[in-house]
Amino acid sequence: QVQLVEPGGGLVQAGGSLRLSCAASGRRYGMGWFRQAPGKEREFVAAVSWSGGVTDYADSVKGRFTISRDNANNTVYLQMDSLKPEDTAVYYCAATYKISTRPKLASGEYDYWGQGTQVTVSS
């Protein structure tokens, strides 16, 4: 059973920063971050390929969020800068065991999910 542990959420004022992390047990995975705001569907935020060389972002976070990975520790990070109230959501880490040079953008392409961590941005 793969475990994804996601510390790092919290409350921050608009314009502030937070860093989320997600540690995966076992082997290396392609990793991604999704989020779900109240009353809305889960949406893609950012992803990094299994190889670690390619990243992709939702248009709403480009230039503000940065995804990175530490392969030695099977950990992926999401650095969130210039946060906005509309970034408020539960953020989920996801992992896929499929080896690929491209990041996965759709939730259906992931095999494992973390429990989620709340990020709240106050105005």
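The values are calculated or read from the model by the stated rules, or taken from the named source; none is laboratory data. What you are looking at is a predicted structure, and each value in this text was computed from that prediction instead of being measured. Note: ideal-geometry Cβ built from the backbone for every residue, glycine included; neighbour counts use all protein chains shown. Accessible surface areas use protein heavy atoms only, side chains included; no ligands, DNA or RNA. Shrake-Rupley method; radii C 1.70, N 1.55, O 1.52, S 1.80 Å.
One table, with the values for the structure above:
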| read-out | value |
| --- | --- |
| Which listed residue is closer than 17 Å to Ala37 by Cα and either surrounded by fewer than 16 Cβ atoms within 10 Å (Cβ to Cβ) or without any contact (Cβ under 8 Å) to a residue 40 or more places away in the chain (or both), from Asp59, Asp81 | Asp59 |
| Qualifying residue in the range 2-19 (condition: among the β-branched types (Val, Ile, Thr) and not in a strand (DSSP E or B)) | yes |
| Complete set of residues in the range 91-123 that are without any contact (Cβ under 8 Å) to a residue 60 or more places away in the chain and open to solvent by less than 40 Å² (accessible area, probe 1.4 Å) | none |
| Elements of type strands (runs of 3 or more DSSP E) in the range 62-123, at least 3 residues being farther than 17 Å from Gly30 by Cβ | 89-96, 117-122 |
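Yes/no matrix, rows are residues, columns are (1) free of Cβ contacts under 8 Å to residues at least 40 places away in the same chain; (2) assigned to a loop (DSSP other than H, G, I, E, B); (3) polar (S, T, N, Q); (4) open to solvent by less than 30 Å² (accessible area, probe 1.4 Å):
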| residue | (1), (2), (3), (4) |
| --- | --- |
| Ala23 | no, no, no, no |
| Arg27 | no, yes, no, no |
| Gly39 | yes, yes, no, no |
| Ala47 | no, no, no, yes |
